[in-house]
Amino acid sequence: MQTLQKALRSGNQMVAEGAIKAGCKFFAGYPITPASGVYKGMIDLLPQNAGIAISSPDEISALAYCVGASMRGYKSMTATSGPGWALMIETVQYALITETPVVICVVQRLGPCTGGATQGGQGDILITEFATSGGYTIPVLYPSTAKECFRLTAEAFNWAEKYRTPVVLLSDKEIGMTTESLDYSGLGDLKTFDRKTISKTDPDFKNWKMYGFDSPDMIAKFAPVGGDIKVTATGSAHNALGYLKKNDTETISTLLHLEEKITSHKNEMVLVNEDLQDNANTLIISFGITARTMKDAVKTARKNRINVSALTIYSMFPVPEEKIINAASDCKRVVIPEENINGQYRKIIKPLLKDKEVIGINKAGSMITPEEILERII
Amino acid sequence: MEAQETCSYMTHGAVMPFCKGCGHSNILKKLNDAMASLKLDPEDVCLVTDIGCIGLADALFDKVHTVHTTHGRSTGFATGLAVADKVLASRKMKVVVLIGDGGSMIGLLHIVNAALMNVDVTVIIANNFLFGMTGGQQSSLTPEHFVTLTTPFGSMNPSLDICRIADASKGGFIARKIATDKDLTDVMAKAISFDGFSLVEVLELCTEHGTKRNDLKGGMLAQMAEHEGHELGIIKENSLRKEFSRKYESDVQSHTGEIKQPAFIEQESLHNLTKAAGIIISGSAGERVQSSAAMLCEAAVRCGLNTTQKNDNPVTQGSGFSLSEVILSPDEINYTGVSRASYVIISSEAGLKELKAQNIFKRIDNDTVIITDESIELSNNGYNVISLPLRKACGADKATLGAVDYAIRMYGLFPHEVFKKVIEKKFGQYETIFKKEFLTFWF
Ligand code: SF4
Ligand SMILES: [Mg+2]
């Protein structure tokens with residue numbers, strides 16, 4: 001028998017373990033189904049891993065605590081679901097404008113509003129991506145298995161640290177709360193990245209500014225609150241030094257740089273799984289729990305000698321445009337199954353799929369089944 | 001950096017951006033003096049400012065770390081900063097929040113929780129009884145009859161006694177002062193040096209909106225407070241509670257709880273499946289439906305199978321139905337729902353009701369083996385039903401477990417020996433798990 005490292009884990013548990021692996025040292029949580037498993041995981045794991053997890057009195061506090069801890073220099077995370085995420089929208093923008101790394105795990109459930117706490121959903125894609133006034137990109141990763149929860153949580157931290165930005169790890173009830181067998185081999189080798197910091201003794205210090213940049217892709221080194229360099233942070237529009245300013249060119253370019261620094265790195269932020277077949281009429285694009293369903297539908301179709309291509313998206317935002325265009329290039333139709341009523345990701349990527357027949361499979365309240373996808377494969 | 005006695009935390013010669021006579025200028029100068037009197041190393045000070053006129057203070061303090069936040073949330077960010085500093089960095093950062101009366105209400109929760117946690121944060125509330133920056137609207141700290149832009153006939157509500165809220169939140173240092181008090185510097189210094197949560201509410205005038213609409217002079221603030229029943233001076237000063245990080249350290253050290261890393265599962269045997277088997281287990285909450293399914297999965301993994309277990313229950317976890325959809329497969333499992341059930345276990349009436357509610361009978365056909373408690377009546381649609389005295393033989397709490405045990409024995413998904421070992425780990429010797437005579441019920 002091979003030496004596998006098998007275990008039974010839920011996606012939520014693997015998010016917690018992935019965060020620990022990534023070097024997360026601070027977690028603040030507020031209970032919400034279906035995300036509470038991440039909270040409990042961090043409460044158990046962090047004290048044994050030189051970190052601290054605390055309870056917060058609401059979701060606004062949870063994220064504010066995390067942003068504060070990150071400003072002090074520590075990798076931080078919180079976890080919530082739709083209703084809590086709605087409350088965090090202002091605070092996540094604060095993290096974005098102050099260029100503070102932080103990871104928010106959003107385990108989606110049935111909406112709108114309180115919706116269904118114990119029912120799944122994939123309806124928080126647009127609210128996540130369009131959470132900012134002004135249209136700035138919040139990078140979003142979306143795993144589809146418990147094992148991927150581990151890898152992509154670690155990646156979410158890497159992105160947050162590298163690009164000094166909030167990153168959302170999207171999940172859903174079915175991934176978060178379903179327990180599955182998985183093999184740990186290989187998970188230990190993940191690379192982790194720590195933010196580049198600065199102190200007065202750094203040779204770069206002379207030319208350094210809190211939010212300074214010489215080129216669009218440049219990300220200023222991070223000065224922690226409590227370090228030897230004075231930190232000036234504000235949620236208001238500010239100049240490169242961090243001081244509130246109104247309408248001058250430097251302030252506007254500092255604002256625009258928040259987006260440029262992400263778009264200029266977007267080619268490094270592409271994570272997809274391509275399962276493309278020659279002579280396929282149909283390409284299916286999916287993510288999260290529905291990507292798994294897609295795999296079963298594809299298997300059956302191919303067994304029935306129908307060629308079909310499939311693309312699983314892990315890096316939802318920035319949108320992996322080239323991968324999508326390339327995957328669709330030889331197909332006539334693109335099918336996008338997602339568990340929401342308006343085809344949220346379909347709306348985003350449709351402009352990339354010119355001359356294609358774009359078909360949505362949408363559903364609320366229960367998982368899309370392999371049969372429902374299979375019907376659309378011709 | 002060495003702190004020097006003359007150290008000023010404010011920009012030298014800073015011009016106050018406030019209206020003439022505004023109390024904010026006084027408060028900030030005294031805050032600067034208070035920090036100077038404590039000889040704080042500027043690197044160890046973080047000023048967290050809220051939204052509103054008082055929030056403009058961050059630009060005036062160019063020697064210390066400044067974090068200007070979203071409205072009302074300053075104490076929340078400050079809490080994260082203080083916890084991380086004290087617990088993770090083991091340093092001595094002093095975190096001071098500057099917030100107005102408006103912000104203190106929208107962010108009340110953060111103040112309450114910071115006090116409950118007893119984090120080393122000082123909250124200074126500049127209370128001029130209204131929202132100044134936005135034009136003088138009523139706040140929750142506006143006294144009764146006080147005229148504001150939005151209370152032209154005078155405020156109908158009395159004002160909130162936020163010091164009492166801080167007291168009820170078990171904060172250790174609480175004071176209410178007037179901006180012109182001679183000892184304001186000392187009181188602020190005491191608050192900042194207090195090892196734990198402290199709050200100083202400072203009463204002051206908004207000369208732009210407050211004094212223009214009300215017959216009000218600085219000298220009348222004490223009287224106003226009295227009229228509202230609000231105590232002045234240092235209201236509370238006791239260090240009975242340990243500061244958060246100290247308490248955390250001792251609590252974590254003395255923790256002897258159950259937290260352990262779940263171990264890997266060794267494969268010890270081989271299974272007999274050639275394709276995936278979907279098993280739906282439905283019963284009542286509190287009768288080990290989901291934990292029986294988990295033990296089934298563990299045993300299956302011990303025999304080299306892949307598993308998924310998708311649970312469902314009402315939002316109140318301890319009542320109503322409990323349902324697990326389990327897939328055991330020699331191959332990778334993608335879709336986690338059971339499209340066609342190979343086995344269905346129904347251990348209670350609540351379980352049956354839920355199967356019907358979720359339309360699960362659509363996923364059951366004549367090849368499906370349905371194992372039910374004898375009390376359950378299924379309409380005979382040609383189903384392959386095995387009715388057993390599960391509840392009688394195993395007890396209500398182990399009826400589901402008994403049914404799983406039966407299914408593994410009867411249908412040989414994998415060696416029963418492995419399942420037996422898994423449940424023995426939890427319940428002790430196999431022979432004692434179910435009722436003594438249970439085997440005789442079905443064999
Ligand atoms: S509006 Fe009122 S609070 Fe604001 S600066 Fe002027 S006097 Fe002070
Ligand atoms: Mg005010």
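The values are calculated or read from the model by the stated rules, or taken from the named source; none is laboratory data. Quick caveat: nothing in here was measured; it's all calculated off a predicted structure. Here the Cβ positions follow ideal geometry from the backbone for every residue, glycine too, while neighbour counts run over all protein chains shown. Ligands, DNA and RNA are excluded from the accessible area calculation, which covers all protein heavy atoms including side chains. Shrake-Rupley method; radii C 1.70, N 1.55, O 1.52, S 1.80 Å.
Comparing each chain alone with all protein chains together (probe 1.4 Å, DNA, RNA and ligands left out), the residues of segment A:115-143 losing at least 30 Å² of accessible area are A:T118. How about B:K436: which lysines have a C-alpha closer than 25 Å to its C-alpha, ignoring those fewer than 8 places off in the same chain? Hits, sequence-local ones excluded: B:K392, B:K398, B:K420, B:K421, B:K425, B:K426. Residues of segment B:27-50 buried by at least 40 Å² of accessible area upon assembly of all protein chains, compared with the chain on its own (1.4 Å probe): B:E43.
For segment B:153-206, which chymotrypsin sites (Phe, Trp or Tyr not before Pro) pass both filters: DSSP loop (anything but H, G, I, E, B) and at most 16 other C-beta atoms within 10 Å? Present the calculation step by step, with values, prior to reporting the outcome.
Details: sites: B:F153, B:F173, B:F194, B:F197; in loops: B:F153, B:F194, B:F197.
Listed in order of number, the matching sites are B:F153.
Tell me which GluC sites (Glu not before Pro) from segment A:308-378 have a DSSP coil assignment and no more than 13 other beta carbons within 10 Å of their own.
Numbers: sites: A:E321, A:E322, A:E338, A:E339, A:E357, A:E371, A:E372, A:E375; in loops: A:E339, A:E375.
Taking segment A:308-378 and a limit of 13 other Cβ atoms within 10 Å, the loop GluC sites (Glu not before Pro) found are A:E375.
The mean count of C-beta atoms from other chains within 10 Å of the C-beta of residues in A:53-59, rounded to a whole number, is 4.
Within the accessible surface of segment A:102-207, defined with a 1.4 Å probe on protein heavy atoms only, the carbon and sulfur portion equals 52 percent. The antiparallel fraction among DSSP beta bridges confined to segment A:272-377 stands at about 20%. Residues considered: B:G210, B:G351, B:G219. Largest GNM mean-square fluctuation over chain B, using C-alpha springs under 10 Å, is found at B:G351.
Evaluating 6.51 cos²θ - 1.76 cosθ + 1.60 at θ = phi - 60° for every residue in segment A:12-29, the Karplus couplings come out as 4, 4, 6, 5, 4, 5, x, 5, 4, 4, 6, x, 4, 10, 9, 9, 10, x Hz, glycine and proline recorded as x. Protein heavy-atom accessible surface, 1.4 Å probe, per residue over segment A:221-269: 42 Å².
Counts of other chain beta carbons within 10 angstrom of each beta carbon in peptide B:86-95 average 4.
For the cross-link pairs A:K75/A:K266; A:K21/B:K86; B:K20/B:K212; B:K39/B:K177; B:K92/B:K242, the ones whose C-alpha atoms lie over 19 Å apart are A:K75/A:K266; A:K21/B:K86; B:K39/B:K177.
Within the same chain, lysines fewer than 8 places from B:K362 are excluded, and of the rest, those with a Cα less than 24 Å from its Cα are A:K173, A:K295, A:K299, A:K363, B:K275, B:K310, B:K353. In this structure segment B:23-252 gives 36 Å² per residue of accessible area when probed at 1.4 Å with all protein chains present.
Cα centroids of segment A:19-54 and segment A:132-195: 14 Å apart. Return the FRET efficiency for the residue pair B:E431, B:I386: r is the Cβ-Cβ distance, R0 is 22 Å, and the value is rounded to the nearest 0.05. After rounding, the FRET efficiency stands at 0.40.
Which whole number gives the average count of other chain Cβ atoms within 10 Å of the Cβ atoms across peptide B:306-316? Intermediate values should be presented prior to the final figure.
On the way: counts 5, 6, 9, 7, 9, 5, 4, 1, 2, 6, 0.
Per residue, the number of nearby Cβ atoms from other chains is 5 on average.
Of the Cα atoms belonging to chain A, the radius of gyration and Dmax stand at 20.9, 68 Å.
Starting from the Cα of B:C19, move 7 Å in the Cα-to-Cβ direction to define the label point; list residues of segment B:182-213 whose amide nitrogen is under 16 Å from there. Of the residues in segment B:182-213, B:204-213 have backbone N under 16 Å from the label point off B:C19.
By DSSP, what percent of the beta bridges with both residues in chain B are antiparallel, rounded to the nearest 5? Walk me through the numbers on the way to the answer.
Values: 22 of 62 bridges.
For chain B, the DSSP antiparallel bridge percentage is about 35.
Neighbours of A:T178 by Cβ distance under 11 Å: Lys/Arg scored +1, Asp/Glu scored -1, total -1. Within the protein assembly as shown, DSSP assigns beta bridges of which about 35% are antiparallel (rounded to the nearest 5).
Of the trypsin sites (Lys or Arg not before Pro) found in segment A:295-378, the ones in coil according to DSSP and having at most 10 other Cβ atoms within 10 Å of their Cβ are A:R305, A:K354.
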